[in-house]
1. If amide H atoms are built 1.01 Å from N in the plane of the peptide, which residues on other chains or at least 5 residues away come under 5 Å of the amide H of B:Leu3?
2. May I ask you to rank B:Lys4, A:Lys72, A:Lys33 by accessible area, largest first, using a 1.4 Å probe over the protein chains only?
3. Pairs of alpha-carbon atoms within less than 8 angstrom and 6+ residues apart define the contacts here; what relative contact order does region A:6-167 have, in percent?
4. I need the inter-copy label distances for B:Gln159: point set 7 Å along Cα to C-beta, values in nm with one decimal, smallest first.
5. With the calculation restricted to Cα positions, what are the radius of gyration and Dmax of region B:6-167 in angstrom?
6. Can you give the Rg/Rh ratio of region B:41-93, where Rg is from the C-alpha atoms and Rh is the Kirkwood radius?
7. How charged is the neighbourhood of B:Ile157? Take every other residue with its Cβ under 13 Å from the Cβ of B:Ile157, and add Lys/Arg as +1 and Asp/Glu as -1.
8. Between chains A and B, what is the buried accessible area in Å², counting both sides, with a 1.4 Å probe and ligands, DNA and RNA left out, to the nearest 100?
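The values are calculated or read from the model by the stated rules, or taken from the named source; none is laboratory data. The structure presented is a predicted model; accordingly, all values stated were derived computationally and were not measured. All Cβ positions, glycine included, derive from the backbone under ideal geometry; neighbour counts span all protein chains shown. What goes into the accessible areas is simple: the full protein's heavy atoms, side chains included, and nothing from ligands, DNA or RNA. Shrake-Rupley method; radii C 1.70, N 1.55, O 1.52, S 1.80 Å.
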Protein chains: 2
Amino acid sequence: MKLKSLQDLFVDELRDLYSAENQIIKALQKMIKSASSEELKNAFEEHLQQTKTHANRLEQIFEELDLSPKGKKCKGIEGVIEEGKETMSQAEDPSVCDAALIAAAQHVEHYEMAGYGCARTYADTLGIRKAAGLLQQTLEEEKETDEKLTQLAEEMINQQAASAGNRNT
Amino acid sequence: MKLKSLQDLFVDELRDLYSAENQIIKALQKMIKSASSEELKNAFEEHLQQTKTHANRLEQIFEELDLSPKGKKCKGIEGVIEEGKETMSQAEDPSVCDAALIAAAQHVEHYEMAGYGCARTYADTLGIRKAAGLLQQTLEEEKETDEKLTQLAEEMINQQAASAGNRNT
């Protein structure tokens, strides 16, 4: 796709995010199975439902623009997810794996924050208000998820992973 | 590398960041050449110097830990950079290319925020205060860069890219 205008860049970013959300839905299903902590499983379950809503919001925006959401594979999130998988496969203790899962999820959240931040700013400049509103809503939810994960890591999971060090050495 | 403890995860995250910073140094040099706006070139120049400082800080931490910073290739940032390159190659207008460069840089910044956030939290839990302080310093600088880029996009570059749409259609 040739990018001749901000509108083209906007559509390209939306397609990138749509591909990202669909890759994240698949990844989260595996992450739920890999998590040991019930609290972490629940946080991922909740985020999976939210991610499906985010994909639906993108579909709504594409419908308004009369365009297809498909047509791009998000290589950025592919690399981020691949890296997360690799780290988790190296974790030899359930609590270390949980800490690694949180780190992987936070890298994913931040990728999305960047994407939704850019897309929302493009929509604002282009005066596409409804899309800007929907994108802002998702952006805020991604930030909230990131904060919840930080809290879970700081208050519980990282402490458990630190104790694993004492057990495993 | 087997990850048996939070300490192992901490070192793995630091190596990931060290590889990321070195990939970003190379990418920024190309981004400076690709940018048309003087303001954007300057912002990238400044961030390049800052990125070198961030890599040095990681080297300091590794020296304290008596470990090598090498040994991991950051696949996450590789995907993010690759995607940015692809988008820029599709941009057919200098101001659209500048807007795409900002978006690419903000995806990079967010990747780093996630990594430094996790590493700083691990250092806190492990009680490695000096490292926690250095990581926090870098984290704050990454956030500041991200905010500066948002400002540059909103106040100038995106408007120019939006006008390109009128010229090019």
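1. Residues meeting the criterion, in which the H sits 1.01 Å from N, are A:Ala91, A:Glu92.
2. Descending order: A:Lys33, B:Lys4, A:Lys72.
3. 28 percent
4. 5.1
5. Considering region B:6-167 through its Cα atoms, Rg and Dmax are 16.8, 58 Å.
6. 1.13
7. Its environment carries a net charge of -4.
8. In total, chains A and B hide about 4100 Å² from solvent.
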